Structures are given as structure tokens and as C-alpha cells.
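Asker: Below is one structure. I have some questions about it.
The values are calculated or read from the model by the stated rules, or taken from the named source; none is laboratory data. These numbers come from a predicted model, not from an experiment. Cβ placement follows ideal geometry from the backbone for every residue including glycine, while neighbour counts extend to all protein chains displayed. The accessibility values were calculated without ligands, DNA or RNA, using every heavy atom of the protein model including side chains. Shrake-Rupley method; radii C 1.70, N 1.55, O 1.52, S 1.80 Å.
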Amino acid sequence: MKITDSILWVGVHDHAIDLFEGQYAVPNGMSYNSYVILDEKCAVMDTVDARFAGEWLEKASAALGDREPDYLIIQHVEPDHSGSILRFLEKYPKVTLAATSKAFPMLKNFYGVDPEARVELKADTVLALGSRSLHFIPAPMVHWPEVTLTYDDRDRVLFSADAFGKFGAWDTEEPWTDEARRYYIGIVGKFGAPVQALLKKAAGLDIAAVCPLHGPVLKEDLGTYLALYDVWSAYRPEEKGVLIAYTSVYGHTRAAAELLKDRLAAKGQKVRLMDLARSDPAEAVAEAFRYDRLVLASTSYNGGVFPRMRQFAEELAEHGFQNRKVGIVENGSWAPCAAKTLREKLEGCKNLTWAEPQVTIRSALDRDSREALEALAASLAE
Ligand code: FEO
């Protein structure tokens, strides 16, 4: 597939995968993108997951025709992109491998690849291919240390590694934002500062198209995608709204969550209710990052908090959750302790404002807890 007259997409769509990176549900599969640049010299941008080596190699070879590739550029060593490197080197043993200094030891460790013909990519490296040159933007910790992005100065294409990728094979049509958010927050979310640094560097480039390693090639409305990445990586809320995330054993905490939702909706607030035991964990985390307010409603359990809620709070903290207003509703029949546990889990999160009152339910809703929920709704809607 042509991206420009001399850049071809040679990636693959994976509809067999159940869990991406061993944990993320991908109901619409995944794409592993790879590109061939044809000029006086030819470059192949990344490989694909090893399970698709044959299909990819056929596509890449067809794009190259009877030409030999001059460079295999490895922007990111994670095996969903480097997994077919040995098959490529078998077919094209004379190719020069181009990657950052941090990438080469990883290639040796993963595959025993330690080539003599290599170019170590740095910020000032220029690979002249003929009518164009490739420039490199090292992006350490977006989200691995060896990552680099690549800019084609003729076609004004930014090859963006994992950045601007999404869950979902792009031969299945779906909106970009929800699955890109879930992908970004889950996989890159912890690394907001390096992404901010990268966006500053990218701001100086004249970009006609973004070619990521997952998801579709982006050619229109680039400002929208860049703006979303800025919001996500700066940990700013994307929109006004309240996520009520709850766990419930016998339905009493759920009843409280639903009552709070109704009260907030009556005050004109946008609300999303999620039962953490029946929701995709990565979607729940992404939704918490999406909205400016969060309520955690949970049963006390084993001297702490219900397991699904504990995992949720830990994942929020791990991903750098911050800059939000947070309310807590706890339930406990004899020793409520969910709220204390949740506050401890989130104590490292920056700039959280606690919505008052903290609501405690003793087994089931009563007049006092209903009034407290009403007050919490008012506080959240302020
Ligand atoms: Fe798509 Fe970080 O690998």
C-alpha cells in the first residue's frame, strides 16, 4: 500500500491475538506496521512480530522488487517490531542495520544479532538516501530506552515508533481516539515527561503524515492527534466528567454508585459508571485519565479494599494519575477500611483534591449515607 509515491506500507494485521503484550484485550486485533522507502538507496523501517515473518517478508520483498535494501532501521526493539529480524537478515545479509546505541545490545540479547555493518543513530545522524535524507529523533523511554523516531525530509513523513499507535488492526474500521487513549495510557502513560520532550522536538517539524508502528497512518487533522498526546502526557483531564468506578459484592455498593450517578446527572454532570469486576481494566484506567473527576466506591475486604479496586488504584498510581478531584465511597459491615486503604494507595499521586464528604456505608444505604451521597454529588458538581 502506497503512503507516498516512494513509501510503501508492508505491515501485517493480527486478528489471532487475544492479549497484546500479555495483558491488553484487543477485540479488533493489532497491526504491526513496517514501511519500505524506495530512493537511490532503500530503507526498511522495522520488522513485525515473528508470527508474521513470512507474510511480512513477502510484502517487503515485493515492495523492493529486484533491489537490495541498504538499511534496516530498527526504531524500537520490542519484539512486536523486531521479531522478524533474523528472517530478514537471512534473506538480505548485506543490509546495514541502523539503530540507537541502546538498541544494539538488546538485539544481541534477544536474537544474537551483532552486525558489523551498522549505523548508530543519534540526534545528528543524517542518512542520505538520494532525493531525501532521514533524520532521527531519539525518544528514550517512549516507552523503552532505545526508541528513536525518524523524519523523512522530502515527503515530510514522521515515522513515530509506538507513538500515535492504537489497539485494533486498522483493517477494521473504528474511531481512533478511544483505542489510542487506552493504548497510550496503558503502555506509555507512566512516561509523560519523555513524551512531552518528544512533542517539543516534533513541534519544529513540518509533518504531512505520521506513520506509527501500530494503527493507521495519520494524514489529516494532525493537530488533533498532537493535542491529545499533549493532554495525555501532561496528565491534564481530556474532558469534564465523573468516572464512578465501583466494586460490589451483594449490590449495596452498586446501589450507592448508581444513586450518586443519578444525583450527578440531575446536576447536569456527565457520568460514566464502571463495575471494575466486569470492565476491561485498561479501559477503566484510561477513563479515569479521560475525566477530571473520579469516584472510587468499594467494599472493604480482608482488612483492606476489594481486590479489583486494589488493583485499579495501584494501576492509577503506577501510571502517574494526578491533577484530578477524587471522591471515596466505602462500604464495611463491621470494620470499614476501604477508604483508608485507597488513600494510602493514591498518596503518591500529585495534585489530587479529595471531594468531601468521604461516604461510609454500613452494609446497606440508609438515610445518613444517602444524605452523604447527596453532599458528595454537590461537592463533585461544584
Ligand atoms: Fe509496539 Fe513498544 O512495542
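Asker: Could you pull out every one of the lysines with an alpha carbon less than 23 Å from that of Lys108, ignoring same-chain neighbours closer than 8 positions?
Answerer: Lys91, Lys94, Lys122
Asker: Okay, next question. Find the Cα radius of gyration of segment 310-378, compare it with 2.2 N^0.38 Å by division, and give the number to two decimals. Intermediate results must be reported in sequence, preceding the final value.
Answerer: Numbers: Rg = 12.9 Å, N = 69, 2.2 N^0.38 = 11.0 Å.
So the Cα radius of gyration is 1.17 times the expected 2.2 N^0.38 Å.
Asker: Ok, one more. Which lysines have a Cα less than 16 Å from the Cα of Lys267, not counting those fewer than 8 places away in the same chain?
Answerer: Within the straight-line limit of under 16 Å, Lys267 reaches these lysines: Lys240.
Asker: Per the helix-only calculation at 222 nm, which mean residue ellipticity applies to the chain, given -39500 (n - 2.57) for every DSSP H run of n ≥ 4 and division by its residues, nearest 500 deg cm²/dmol?
Answerer: Working: 12 runs with 123 residues, N = 382.
It comes out at -9500 deg cm²/dmol, rounded to the nearest 500.
Asker: Going by the alpha-carbon gyration tensor, a ≥ b ≥ c the square roots of its eigenvalues, is segment 7-233 rounded (a/c under 1.5) or, if a/c is not under 1.5, prolate (a/b greater than b/c) versus oblate? Please report the intermediate quantities before stating the final value.
Answerer: Values: a/c = 1.43, a/b = 1.21, b/c = 1.18.
Judged from the Cα gyration tensor, segment 7-233 comes out rounded (a/c under 1.5).
Asker: Starting from the 7 Å offset along Cα-to-Cβ, what nm value, one decimal, do you get for the label separation of Ala16 and Gln196?
Answerer: 4.3
Asker: Here is a further query. Return the Cα extents of segment 239-381 along principal axes one, two and three, sorted largest first, each rounded to a whole Å.
Answerer: 36, 35, 26
Asker: What Kirkwood Rh does segment 57-105 have if only Cα atoms enter the pairwise 1/r average? Answer in Å. Present the calculation step by step, with values, prior to reporting the outcome.
Answerer: Details: mean 1/r = 0.0866 Å⁻¹.
Taking every pair of different Cα atoms in segment 57-105, averaging 1/r and inverting gives 11.5 Å.
Asker: Taking the 0 to 90 degree range and rounding to the nearest ten, how far is the long axis of helix 281-290 tilted relative to the main principal axis of the chain, both from C-alpha atoms?
Answerer: Orientation of helix 281-290: about 80 degrees from the principal axis.
Asker: So what are the ³J(HN,Hα) numbers for segment 213-226, from phi and the Karplus equation (6.51, -1.76, 1.60; θ = phi - 60°), rounded to whole Hz, Gly and Pro as x?
Answerer: Result, rounded to whole Hz: 8, 9, x, x, 5, 9, 10, 10, 6, 4, x, 5, 5, 5.
Asker: So if we plug the beta-carbon distance of Lys122 and Glu68 into 1/(1 + (r/R0)^6) with R0 = 22 Å, what FRET efficiency do we get, rounded to 0.05? Let's see the in-between values first.
Answerer: Details: r = 25 Å, r/R0 = 1.15.
Efficiency for this residue pair is about 0.30.
Asker: Not counting ligands, DNA or RNA, and with a 1.4 Å probe, what is Ser279's accessible surface area in Å² rounded to the nearest 10?
Answerer: 30
Asker: In a Debye calculation with equal point scatterers on the alpha-carbon sites of the chain and no solvent, what is log10 I(q)/I(0) at q = 0.06, 0.07 Å⁻¹?
Answerer: -0.29, -0.38
Asker: Right, something else. Which GluC sites (Glu not before Pro) from segment 1-59 combine a DSSP loop assignment with at most 10 other Cβ atoms within 10 Å? Could the numbers behind the result be given before it?
Answerer: Details: sites: Glu21, Glu40, Glu55, Glu58; in loops: Glu21, Glu40.
Qualifying residues, ordered by number: Glu40.
Asker: Which FRET efficiency, nearest 0.05, do Lys91 and Lys270 yield, Cβ-Cβ r, R0 56 Å?
Answerer: 0.55
Asker: Any idea which of Leu199, Trp232, Ile85 is furthest toward the positive side of the dipole for the chain, if Lys and Arg beta-carbons carry +1 and Asp and Glu beta-carbons -1?
Answerer: Trp232
Asker: Here's a follow-up. Towards the positive end of the charge dipole of the chain, with charges on Cβ (+1 Lys, Arg; -1 Asp, Glu), say which of Trp176, Val329, Ile7 has the farthest Cα.
Answerer: Positive-end residue among those listed: Val329.
Asker: Here's a follow-up. How large is ³J(HN,Hα) for each residue in segment 11-25, as worked out from phi by the Karplus curve 6.51 cos²θ - 1.76 cosθ + 1.60 (θ = phi - 60°), to whole Hz, x for Gly and Pro?
Answerer: Karplus-based 3J(HN,Hα) across segment 11-25 equals x, 9, 10, 10, 9, 9, 5, 9, 10, 6, 6, x, 8, 9, 5 Hz.
Asker: Now for a different question. Could you give each residue of segment 70-79 its phi-based ³J(HN,Hα) in whole Hz, using Karplus coefficients 6.51, -1.76, 1.60 with θ = phi - 60°, and x for Gly or Pro?
Answerer: Per residue, the Karplus-derived 3J(HN,Hα) values read 7, 10, 10, 9, 9, 7, 8, 7, 3, x Hz.
Asker: In terms of Cα to Cα distance under 21 Å, which lysines are near enough to Lys2, apart from those fewer than 8 places away along the same chain?
Answerer: Lys41, Lys59, Lys166, Lys219
Asker: Okay, next question. Calculate, in nm to one decimal, what Asp280 and Asp366 gain on full extension: separation in residues at 0.36 nm each, minus their alpha carbon distance.
Answerer: Working: separation 86, 0.36 × 86 = 30.96 nm, distance 3.12 nm.
Length difference between fully extended and current span is 27.8 nm.
Asker: Can you give the extra length, in nm with one decimal, that the chain gains between Thr172 and Glu347 once fully stretched, where that is 0.36 nm per residue apart less the Cα-Cα distance?
Answerer: Working: separation 175, 0.36 × 175 = 63.00 nm, distance 4.06 nm.
That pair, Thr172 and Glu347, stretches by 58.9 nm at full extension.
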